Amino acid sequence: MAERALDGVRVVEFTDETGAYCGRLLADLGAEVIKVEPPGGGFARHIPPYFHDQQGPDTSLAFWVQNMSKKSVVLDLDSPDGQVAAKKLALGADIVLDDRPVGYMAERGLGFDALHAEKPSLVYTSVTGFGQTGPHAGYAFSDIVGQAMSGVMTLAGEPQDPPNKVVGTQADVSASIHAAQGTLLALLHAEATGEGQHVDVSAQEAMSMSQETAMQTWDLQKRNRVRTGERGMIPVALPAVGVYPTTDGHVSLFVLAPGGAEFPALVDWMREKGMASDLDEEPYASLVSTLNMATITQYMMNPDSAQEVIPQLAHINEVVKAFIATMTAVEAYEEGQGRNLLVGIVSTPETLATNSQLRARDWYVNVDFDYLQTSMEFPGPPYRLSETPAVITRPPRLGEHTDEVLASLS
Amino acid sequence: MARLPLEGIRVADFSWFGAGPIGAQTLATFGAEVVRVESETKLDSLRVVQPFALNEDGSYKTGYNVSGYFNNFNAGKLSIQLNLNTEKGQEIGMRIIEKSDIFMTNFTPRVIDKWNLHYDQLKAVNPRIIAAYAPMQGITGPHRDFLGFGAVLTPVTGISYLSGFPHRPPMGVGTNYPDYVINPGQTVTAILAALRHRNKTGEGQMIELPQLESVVNVLGSAVVDYLANGNIQTRNGNRHPAAAPHGAFRCADDPESVESPDRWVVIACRTDDQWKALCEALGKPEAAADQRFATLADRKANEDALDELVSSMTADRKAEEVMETLQAKGVPAGVVQNAQDMLDRDPHMKARQYYQYLDHPETGRAAYDGAPARLSATPGFHRSSAPTLGEHTMDVCERVVGLTTDEIADLLAEGVLV
């Protein structure tokens, strides 16, 4: 068996949602991660959908993906016995990870100060909505609150719709990814010096980098970026730019952007399929031959030429749309990219599962679920480390390791 | 001041755009010396993309050094100009790698081929190197040469299909979302894990982070739901399977919110008690008794009516007031903030001083995103603002590569250090 990057590292985590993916990343990299859960499990064990609609704490798919490769111990942290066991467990760890409300751990004798006093080398990472300090530190948190308060949601969606959140729990995931970095930095420092420390991660801060340029736009220009929907920042419909329906889904085209083959290459393809329509005739032919962002910008700067060219661009776009609509999304994507055209498939869960790149790379991993008498495929790890690969095993059943772990304490 | 965790570590940063440079910046924040290799002959386009700093008359500053987009991802680094399309440029690049602990790139596999930056080639001169590659689709596979950037990656990873409202097309999320936290963050995690392994064994290694794989790993249950159950999840707006109400609700306009006066608050009720608390806090206690909304199952079954009711409670109030009122009762709620809020109006962001303001010779004082995590004993911070293009060419050539002034002059004349 290959060595693992985090061999010999023990993590005890008190997480439900915001910090859970951090623990999973550490577990996949080889740390022994023991998840301490309340009787009945936390909120995340009760989020649909479930495996084969079998509702229960051991079958929530949303829980699974954030808790692969861990162990589970059930302790009631509101009971003195539970607190004693939790403290013993935590003091035996190299890393404690928590996402409990600020103060919750300290009130139970499990806070950073108490544990660090007894074990100076301990790395203690707290992952919460708003961090350990500041006027909102005690605010109630849920992923969508982080997506909103980080400045990211305001950028997504049509202007007339409510702002959109990004799929899944991206504020939680962002916080966990930042927590994994902070935890490993602190671990390197602890292993070099013997000095542990408290790592404080705020989901609001963690996700805020995903504002892209909005922060700098306000800082430098005192303008707010707003959501611009399907059209993006371009005021008129441009050919081969945006979302296009296919026979079975959608593709996104960026053909006019720099970086790929230019627009005439798309028309060559359309001509081969007998779908170029009247684009080889004037007034379209001469427009098509020079079409890119730079020429369009020139047309648009002159109101007269803009007025002439806008309906022509709209017509060309309709011809492109009709062509794309004859293909499946995978065909448009793979053949378009084969011609160096900037085409992105709008992947669905199904086309991700069958994606020929991911399949050729054997990315999906088969995970054994002995307790369900089955095995199933899971998305693989985010990275491949040549000497110390990440390994993914099934998530623990609620309390599966309680006896084993508690026995090792006494 | 405590020694930072990465002091003494040198990073050869052969990356560009967002996903690569942000990760290298994090390493700089925690003490690494990061040498950003760039060239006017293959310019990182972010250097010439908005937002630009303004002149006093309100016009945009120009040149390679005034983009907030670029600068925010490159603080604390050294910039050397090196033309890797020349043989001598590649030689000098390899000498930087030889003197480094970590190599990072998000160039395409084709460029890796052309510039002789394969792991085997790096390892031959520096067996201890940790070499991190972050191509779009992977170094191998039938799609390895597919073209793309963040805007293409968003649909290809499934984010577009799964985000937004069901009655809208899969248009994406308004940004090149995977570039800023997911991919740079995962890259750094892998590098730090590899660094620990090297500390234990002396052994370097290669890291491959295909951006597609890294992002599909964080989509939540959607792909697993297909693999395990055959279900194809789709866009469900702002809703949540185990919470209701769950979404963004319109509040009173705020004319002081520049260019975006419409204000929204998000609310997530996970329990029946939170729902009752919301009804009372927002002045409609009778709604708590409405049988259509009594339990989570009821509220999910009548969610359109529920959303309408909640909207009627928030419509005339300030978003901040709704948030504070609900938070006082323990109900998760937050304002849909914009960048003006983040920098100037959110009292919490101000109190925690997340943004770091740095002087820059061309942009003037500007805000930078702070360190991704706060380490109590070894806090990360930007030691300098972003470098101007080639600002440290001389320093890196002399101190890291070991060239003499005469050699450097020759290389400048030959078009290698441009």
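Think of the protein assembly as shown as having a plus end and a minus end, set by charges on the Cβ of Lys, Arg, Asp and Glu; of B:S260, A:A31, B:F52, A:A31 sits farthest toward the positive end of this dipole. Just the number, please: Stokes-Einstein D of chain B in µm²/s, Kirkwood Rh from C-alpha pairs, 37 °C, 0.692 mPa s. Rounded, D is 135 µm²/s. Our summary gives the stretch B:246-338 a relative contact order of 40 percent, counting only alpha carbon pairs under 8 angstrom and 6 or more residues apart. Here chain A is assigned +1 on the Cβ of each Lys and Arg and -1 on the Cβ of each Asp and Glu. Its dipole about the Cα centre then comes out at about 480 debye. Angle, helix B:182-201 long axis vs. longest principal axis of chain B, Cα atoms, 0 to 90°, nearest 10? So the helix axis and the longest Cα principal axis differ by about 50 degrees. Ordering B:I408, B:I9, A:I324 from the fewest to the most neighbouring beta carbons within 10 Å gives B:I408, B:I9, A:I324. Considering only B:T41, B:T187, B:T154, the mean-square fluctuation computed in a Gaussian network model of chain B, springs between alpha carbons under 10 angstrom, is largest for B:T41. When its C-alpha radius of gyration is set against 2.2 N^0.38 Å (N residues), the stretch B:276-418 gives a value of 1.89. Would you kindly calculate the translational diffusion coefficient of the stretch A:350-410, applying Stokes-Einstein with the Kirkwood radius from alpha carbon pairs, for 25 °C and a viscosity of 0.890 mPa s, and quote it in µm² s⁻¹ without decimals? Taking Rh from Cα pairs, D becomes 173 µm²/s. Taking B:D346, B:D120, B:D225 in turn, the Gaussian network model of chain B (Cα-Cα springs below 10 Å) assigns the largest fluctuation to B:D225. When only alpha carbons are used to place a centre, the stretch B:198-256 and the stretch A:274-327 end up 37 Å from one another. Toward the positive end of the charge dipole of chain B, about the Cα centre and with charges on Cβ (Lys, Arg +1; Asp, Glu -1), which of B:T295, B:Y64, B:L84 goes farthest? It is B:T295.
Membrane-span-like helices in chain A, defined here as complete DSSP H runs extending at least 15 Å along the helix axis by their C-alpha atoms with mean Kyte-Doolittle hydropathy no lower than -0.5, are A:80-91, A:170-193, A:303-324; this is a sequence and geometry rule, not a statement about a membrane. Taking the Cα centre of the stretch B:1-155 as origin and assigning +1 to Lys and Arg Cβ atoms and -1 to Asp and Glu Cβ atoms, the resulting dipole is close to 260 debye.
Can you give the helix-only mean residue ellipticity at 222 nm for the protein assembly as shown, where every DSSP H stretch with n ≥ 4 adds -39500 (n - 2.57) and the sum goes over all residues, rounded to the nearest 500 deg cm²/dmol?
-10000 deg cm²/dmol
Here B:A2 and A:K222 are evaluated by their C-beta separation; at R0 = 35 Å the FRET efficiency comes out at 0.40. Angle of helix B:303-314 to the longest C-alpha principal axis of chain B, folded into 0 to 90 degrees and rounded to 10: 90°. Exposure proxy for B:K77, B:K42: other Cβ atoms within 10 Å of each Cβ, ordered fewest to most, give B:K42, B:K77. Residues B:H246, B:H167, ranked from the fewest to the most other C-beta atoms within 10 Å, line up as B:H167, B:H246.
Give me the dipole magnitude in Debye, nearest 20, for the protein assembly as shown about the Cα centre, with unit charges on the beta carbon: positive for Lys and Arg, negative for Asp and Glu.
1000
With the convex hull of its Cα atoms as the shape, the stretch A:21-145 has an orientation-averaged projected area of 8.4 nm². Translational diffusion of the protein assembly as shown was estimated from the Stokes-Einstein equation, with Rh taken as the Kirkwood radius over Cα pairs; at 37 °C and 0.692 mPa s the coefficient is 119 µm²/s. Along the axis of the charge dipole computed for the stretch B:312-418 (Cβ charges of +1 for Lys and Arg, -1 for Asp and Glu, origin at the Cα centre), the listed residues B:H382, B:A413, B:Y354 are led at the positive end by B:Y354. Note on the stretch B:246-338: Cα-Cα pairs beyond 15 Å make up 56% of the total pair count.
Mean projected area of the Cα convex hull of chain A, taken over all directions, amounts to 25.0 nm².
Using the Cβ-Cβ distance between A:A192 and B:D395 with R0 set to 22 Å, the FRET efficiency from 1/(1 + (r/R0)^6) comes to roughly 0.20. Rounded, prolate or oblate: which fits the stretch B:232-292, taking a ≥ b ≥ c as square roots of the Cα gyration tensor eigenvalues, rounded meaning a/c under 1.5, else prolate when a/b beats b/c? It is oblate, given that a/c is not under 1.5 and a/b is not larger than b/c. When the P(r) is computed for the stretch B:98-238, the part past 23 Å accounts for 44% of the Cα-Cα pairs.
A short reminder: the numbers here are calculations on the coordinates, not readings from a lab. For clarity, every value in this text was computed on a predicted model and none was experimentally measured. Backbone-built Cβ (ideal geometry, glycine too); neighbour counts: all protein chains shown.
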